[in-house]
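Let me begin by presenting the structure, written as structure tokens, before commenting on it.
Nothing in this text is a laboratory measurement; each read-out follows from the coordinates by a stated rule. Not measured: the values here are computed from a predicted model. Backbone-built Cβ (ideal geometry, glycine too); neighbour counts: all protein chains shown.
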Amino acid sequence: MRVDHAAAAKAQAMFGKRLRVQDYQELSKKSSIAEIASYLKNQTHYHDILEGMNEHSVHRGFLELLIRQNYFYRFGKLLRYSNESEEFIRFGVMNVEFQLIMSTIYMLNDENRSMMIAQLPLSLNQYIHFDMGKLVEAKTIDDIISLIEETPYYEALKEYRGVKNEDIDVSACELALRTTYTNAIISLIDTKFKGETARELHEIFDTKLELNNIAKVYRLKKYYHMSSNDIKENIKIVSSKISEKIMMDWIENCSAEEILEQLQKSPYNSFIRDKEFIYVENYLSWIEYQVIMWHMRFSQNPEVIVVCYINLLQFEISNLVNIIEGVRYHVAAEKVMQLLVY
């Protein structure tokens, strides 16, 4: 990626302006989308992306869209300090592609999806592997799958051909796409980086993939009652802190709940604290967040710092979307907080 220290310093400066627990608590207590929009616009770093927005009449879908746009905005700022090196662009653009596809899936049934057009990261259009305009126009999962047929993301979604919008397992789609994205990143690390930088980047993304695998195994055992042999055929094991031998033992001999118990006894133990959670993906994402935060605070490698910031920003954006949805459906603030990763 060959990012210099200026880019790392910029990433650290933006990281310093991140939302804190107190912000999430205040936002979770809001009673309307307008109140959330007002708080973000007037009291947080989202002022830049929300400037000019009428917070008193903003539609929920449009606010979410603007918040997701913050990733593109921040990434664009970092590009100015990176000399637009090919490796750095690929790190960010692959994530943009992932975010665009997921945003489209989330909004397939939203009548306000046309607003996505104005919020597309057009400056990155030359790097994207599919037509962003056509992606916005997609009305079904089949439309999306056809559009990405020549990209690495096709394999992640092809099994959803013919599925009605209301029957799409969005969490499973996101997990599959995230795994595809992470595999592509790992391949990039292997070909472009060496030494301590490669080791740290591998730890970050191998951890992501390993925890994704644990989430997938958990889901297949708990909700689909899949056999051990079938589960093994459905995952590609990548080891970060859990050896392949141990992972195989968990698949063969542990129930879904027992896997989480074993996880607490694993090398991940130092990143696990008592925390209530609603979904297993949320719990495992929380562990991933702690790993990335450790690297953000202690790494001496500019490339690692920039990549950590990009990843941490994604968590923040997801937290805000969860808060908006929680307030929209009048979920108690304490329940909303359980969905957040911080």
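Just wondering, is there one or more residues in region 272-289 that are of a type in the set (Ser, Thr, Tyr), under 30 Å from ALA13 (Cα atoms) and loosely packed, with under 12 Cβ neighbours inside 10 Å? Let's see the steps before the verdict.
Quick first cut of region 272-289, residues of a type in the set (Ser, Thr, Tyr) only: 279, 283, 285, 289.
In the following step, the residues that additionally are under 30 Å from ALA13 (Cα atoms) were identified as 283, 285, 289.
Subset that is loosely packed, with under 12 Cβ neighbours inside 10 Å: none.
No, because not a single residue in region 272-289 is of a type in the set (Ser, Thr, Tyr), under 30 Å from ALA13 (Cα atoms) and loosely packed, with under 12 Cβ neighbours inside 10 Å.
Please list, ordered by residue number, the helices (runs of 4 or more DSSP H) wholly in region 195-262 having 2 or more residues that are hydrophobic (A, V, I, L, M, F, W, C) and either over 20 Å from ALA172 (Cβ atoms) or in contact with an Asp or Glu (Cβ under 6 Å, 6 or more places away or on another chain) (or both).
On the way: elements: 195-222, 228-234, 244-253.
The helices (runs of 4 or more DSSP H) meeting that bar are 195-222, 244-253.
Name the single residue that is nearest to MET14 (Cα to Cα) among those in region 26-72 being of a type in the set (S, T, N, Q) and outside any loop (DSSP other than H, G, I, E, B). Full working, then the answer.
Step one: list which residues in region 26-72 are of a type in the set (S, T, N, Q), which gives 28, 31-32, 38, 42-44, 54, 57, 69-70.
Going one step further and asking which of them are outside any loop (DSSP other than H, G, I, E, B), we end up with 28, 38, 42-43, 69-70.
On the way: SER28: 23, SER38: 21, ASN42: 17, GLN43: 15, GLN69: 16, ASN70: 12 Å.
Of everything passing the filter in region 26-72, ASN70 is nearest to MET14 (Cα to Cα).
Which one of these does LEU147 not meet: (1) over 21 Å from VAL304 (Cα atoms); (2) surrounded by 18 or more Cβ atoms within 10 Å (Cβ to Cβ); (3) under 21 Å from the mean Cα position of the chain (by Cα)?
It fails just one condition, (3).
Against the definition (among the β-branched types (Val, Ile, Thr) and either under 18 Å from the mean Cα position of the chain (by Cα) or more than 22 Å from MET226 (Cα to Cα) (or both)), how does VAL280 come out, yes or no? Walk me through it before giving the result.
On the way: among the β-branched types (Val, Ile, Thr): yes; either under 18 Å from the mean Cα position of the chain (by Cα) or more than 22 Å from MET226 (Cα to Cα) (or both): yes.
Yes.
Only one of (1) in contact with an Asp or Glu (Cβ under 8 Å, 6 or more places away or on another chain); (2) in contact (Cβ under 8 Å) with a residue 24 or more places away in the chain; (3) small (Gly, Ala, Ser) is not met by ALA138, so which one is it?
Going through (1) in contact with an Asp or Glu (Cβ under 8 Å, 6 or more places away or on another chain); (2) in contact (Cβ under 8 Å) with a residue 24 or more places away in the chain; (3) small (Gly, Ala, Ser) one by one, ALA138 breaks only (1).
Out of (1) surrounded by 17 or more Cβ atoms within 10 Å (Cβ to Cβ); (2) in contact (Cβ under 8 Å) with a residue 60 or more places away in the chain, the odd one out for TYR160 is which?
TYR160 satisfies every listed condition except (2).
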